[in-house]
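J.: So that we are looking at the same thing, I have put the structure below in structure tokens.
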Amino acid sequence: MVRQPVRRRARLAALSLALALPVAGAAQNLAPATIAQVKASIVAVGTFEALRNPPFTFSGTGFAVGDGLQIATNEHVLPKTLDTGRNETLAVAVQAADGSVQVRPVRRLAADPAHDLALLKLEGAPLPALRLGNSERVREGESYLLTGFPIGAVLGLYPATHQIMIAAVTPIVIPAAGADKLDARSARQLAKGAFPIFQLDGTAYPGNSGSPVYDAASGEVIGIVNSVFVKGTKESAITQPSGITYAIPSVKLRELLDRSH
């Protein structure tokens, strides 16, 4: 009399697992199509100078949002100054459908140094824009993908995708680079206190700064890679990556987009 309910519970548990497995498999099967879709929106952010060798210098990753002519990236990825005497300009490198890489001009549109975010305005035809998801629903233990340019031009300007897990949702304050950079907005942010940031249990590299963190099934962006916790120098990150990466929640990017209109 006692064993029968136990067997029944075991059968129900086995049935539930069998029903769940196809769903998990279906989600995994969506990833290749999602990655292909996302890669069409990824750009390499840098500067262009016609007489330089190479003319395009890589500094980080970006991705198309909004109307497809807005490029999201980290504020720290952008150069502080441009050599206007040599006609140096902001630019992005985009991989075309035939595999070739095209360099296209951009200009600064908006920036949020307090959250290390920036928007660029792309000239010409729009790129497929990525949708922003609800980052406030993200929970620790969930798995996502990130796509960008690890180590930048060293491996070629071909986007690479990595799977990561949300290891922690932790508070952080991004301070100004120095006292001379502490403007009124940064001072208010420091006074206001920390904001939540995603700690990712996955390896990223300095070139991944600005990469989107997104859902494998929907492609919706829930975060933007901000920095990699590196032991020692940037060079040591190549041979001894720590496996700890941080991402700014996409709600901060949505707020910047709203303010830029």
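Every number in this text was worked out from the coordinates using simple rules, so none of it is lab data. Quantities reported herein were computed from a predicted structural model and do not represent experimental measurements.
J.: Can you give the extra length, in nm with one decimal, that the chain gains between T57 and Q102 once fully stretched, where that is 0.36 nm per residue apart less the Cα-Cα distance?
T.: Working: separation 45, 0.36 × 45 = 16.20 nm, distance 1.32 nm.
My answer for the length gained is 14.9 nm.
J.: Please work out how much length the chain gains when fully extended from V169 to A40, using 0.36 nm per residue of separation minus the C-alpha to C-alpha distance, in nm with one decimal.
T.: Values: separation 129, 0.36 × 129 = 46.44 nm, distance 2.90 nm.
Length gained, V169 through A40: 43.5 nm.
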